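We did not get these values from a lab; they are worked out from the coordinates using the rules stated. Here the structure is a predicted model, which means the values were calculated and not measured. Here Cβ is always computed from backbone atoms with ideal geometry, including for glycine, and neighbour counts include all displayed protein chains.
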Amino acid sequence: MSPQTTIQHHSAYSRTARVIHWSMALLILSTIPVGFLMVQEGLARSLQNALFIYHKNVGVLLLVLIAVRIAYRFAVPPPPLPDQMPAWQAKAAGLSHIALYALMLIMPVAGYIRVKAGGFPIETLDALGIGSPVTRSDEIAEIAKTVHYYGALALTAVVALHIFAAAHHGLIRRDGIFSRMWSPKDSAGG
Ligand code: HEM
């Protein structure tokens, strides 16, 4: 094993962290466009209903996943960034990751409150008989809707930045930062 491989091996994210990361990435990258699409005027009613059902229920799944992810991150801290990375880049990565975590939490919570305060169903939770602590209120629903809307714009911007940075590391710099989250062969396991 070359010294280079050894460094990457020890600095890779665990398998669990990678599975959570890529599942959430897929789900979020579908939830955002579905969210913007389903509120457009002129959609066929059946299509709009299907998009809403997908969005609400996958959104609740994302709430569960982000709770697991935050707990896991505290239990198993991420590998440190390489020493040779410029300080400004490490700072920018740290800030964007905090923004991502905050928005990944705020978005499903605001969506959930918007729907429940508005008196609408969330099919899977209703089928499982899981009640809601949110009381019916048009005022609360409206506030949550506004938070959800601006949160969506902010999340779209931070996700775009995140993908740009990942692609830059993976395709242009090829400095091993992308493979920390991607390649199973670099993993320290677990
Ligand atoms: C990470 C999770 C989520 C993301 C990224 C997300 C994203 C979005 C986006 C981009 C929109 C379109 C912008 C807008 O018009 O507000 C939207 C709308 C909406 N979302 Fe979500 N959402 C998430 C979770 C949820 C959850 C958990 C629910 C409910 C259970 C939900 C319910 C709604 C509703 C009802 C709308 C339409 C807002 C309205 O005009 O009333 N979302 N979402």
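Brief remarks on what is shown
- Legend: ranking of residues Val64, Val134, Val39 from fewest to most surrounding C-beta atoms inside 10 Å; resulting order Val64, Val39, Val134.
- Computed over the chain: relative contact order in percent, which uses C-alpha pairs under 8 Å that are six or more apart: 35
- Charge dipole magnitude, Cβ of K and R +1, D and E -1 - the chain, Cα centre, debye nearest 20: 380
- For the chain, built as a Gaussian network whose Cα springs stay under 10 Å, the top-fluctuating residue of Leu153, Leu43, Leu161: Leu43
- Taking the longest Cα principal axis of the chain as reference, the axis of helix 87-117 is set at about 20 degrees.
- Compared with the dominant Cα axis of the chain, that is its longest principal axis, helix 138-167 is turned about 20°.
- Computed E for Val68/Ala90 - FRET, C-beta separation, R0 25 angstrom, nearest 0.05: 0.45
- In nm, spacing of pseudo-spin labels at Val39 and Leu61 (7 Å Cα→C-beta vector): 2.3
- 222 nm mean residue ellipticity, helices alone, for the chain (DSSP H n ≥ 4; -39,500 (n - 2.57); rounded to 500): -24500 deg cm²/dmol
- Gyration tensor (alpha-carbon) shape descriptor, the chain, a/c threshold 1.5: prolate
- Choice from Gln84, Gln48, Gln40 showing the highest fluctuation, given a GNM over the chain with Cα pairs closer than 10 Å: Gln84
- Folded to 0 to 90 degrees: helix 15-38 orientation relative to the chain principal axis, Cα: 40
- GNM flexibility winner over the chain from Ala71, Ala87, Ala102 (Cα, springs under 10 Å): Ala87
- Computed over segment 111-175: relative contact order in percent, which uses C-alpha pairs under 8 Å that are six or more apart: 33
- Highest mean packing comes first when the peptides 143-152, 17-26 are listed by Cβ atoms within 10 Å, giving 143-152, 17-26.
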